[in-house]
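Worksheet: one structure, shown below.
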Amino acid sequence: MSSLIPGIDADLAAALRRSLEKKGVVIHTGVRVTEVENSESGVCCRFSAGDGPGQSAAADLVIAATGRRPNSENLGMENL
C-alpha cells in the first residue's frame, strides 16, 4: 500500500503528507515491519520494502496501520 490514507482524495492525502514532512515526520508506506523494540532513545523499527534489503529507523513513536473494519452493526443496514 503506497498511499498515506487509502480511499481518500489523492490531493488531500498529498497535502497531509507534505504537512507532516514539513514538521519532520518520516513516513514509510508499502513496507513490511519485521521487528519493533524499545531502545534507550525511543523505539527501533526494522522493516523491508518488497525483496529489498532490510532497513531500520529510530523513532520516538511508531504508528502501524493495517487497515480498518467498518463498525456498522446495529445500524439496520440489512433492512435497506
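For the range 15-30, the set of residues classified as within 24 Å of Pro70 (Cα to Cα) and either in a loop (DSSP other than H, G, I, E, B) or among the small types (Gly, Ala, Ser) (or both) consists of Thr29, Gly30, listed by residue number.
Would you say Asp51 is more than 16 Å from the chain's Cα centre (by Cα), loosely packed, with under 10 Cβ neighbours inside 10 Å and assigned to a helix (DSSP H, G or I)? No, not satisfied. Against the test of being charged (D, E, K, R) and within 22 Å of Gly7 (Cα to Cα), the options Glu40, Glu73, Glu78 yield a single qualifying residue, Glu73. Residues being surrounded by 12 or more Cβ atoms within 10 Å (Cβ to Cβ) and of a type in the set (Val, Ile, Thr) are entirely absent from the range 66-79.
The requirement of being in contact (Cβ under 8 Å) with a residue 12 or more places away in the chain and in contact with a Phe, Trp or Tyr (Cβ under 8 Å, 6 or more places away or on another chain) is fulfilled somewhere in the range 9-31, by at least one residue. Scanning the range 16-29 for residues that are among the hydrophobic types (A, V, I, L, M, F, W, C) and either surrounded by fewer than 11 Cβ atoms within 10 Å (Cβ to Cβ) or more than 23 Å from Asp60 (Cα to Cα) (or both) yields Val26, Ile27.
For the range 30-48, a residue qualifies if it is at pLDDT 90 or above and surrounded by fewer than 12 Cβ atoms within 10 Å (Cβ to Cβ), and the qualifying residues are Glu35, Glu37, Asn38.
The values are calculated or read from the model by the stated rules, or taken from the named source; none is laboratory data. Nothing here was measured: the structure is a model prediction, and the numbers come from that model. Glycine gets a Cβ as well: all are built from the backbone with ideal geometry, and neighbour counts include every protein chain shown.
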